[in-house]
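Single-structure report; data block below.
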């Protein structure tokens with residue numbers, strides 16, 4: 001699935017020129033792979049979180065910085081059955097954090 005990240009999707013919304021885009025694959029067994037590429041932000045962390053649009057939730061898959069402005073799902077990452085159900089319901093999102101916006105600067109909801 002494709003994902004687009006923007007400050008307007010953060011909770012609360014963040015005014016930023018930063019953006020991000022990526023592709024995440026989730027297998028039937030919950031295995032996760034993929035990456036997000038950002039622009040206009042010096043990211044400090046990136047994660048998949050569990051919460052519906054308009055809410056913040058806990059980290060469930062931390063990403064690794066694999067190149068300048070590239071965040072990748074680490075090998076072996078896997079969703080639980082409950083997290084897979086959350087994905088199917090549209091309740092997982094990716095966000096990228098920065099020093100200026102520690103709670104997240106850009107966000108995108110995962111839409112299966």
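Each value in this text was obtained by applying a stated rule to the coordinates, not by laboratory testing. As the structure is a computational prediction, the values presented were derived from the model and not from experiment. FYI the Cβ positions are ideal-geometry reconstructions off the backbone, even for glycines, and counts take in every protein chain you see.
Below, the figures for the structure above:
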{"quantity": "Peptide ranges 96-102, 5-11, 61-67 listed from the most packed, as the mean C-beta count within 10 angstrom indicates", "calculated": "5-11, 96-102, 61-67"}
{"quantity": "Relative contact order [Cα under 8 Å, 6+ residues apart], the chain, whole percent", "calculated": "33 percent"}
{"quantity": "Per-selection metrics, the chain (Cα): Rg and Dmax in Å", "calculated": "12.6, 37"}
{"quantity": "Among 75-81, 22-28, the order from most to least packed when residues are scored by Cβ within 10 Å on average", "calculated": "22-28, 75-81"}
{"quantity": "Over the chain: helical MRE at 222 nm, DSSP H runs n ≥ 4 each giving -39500 (n - 2.57), nearest 500", "calculated": "-2000 deg cm²/dmol"}
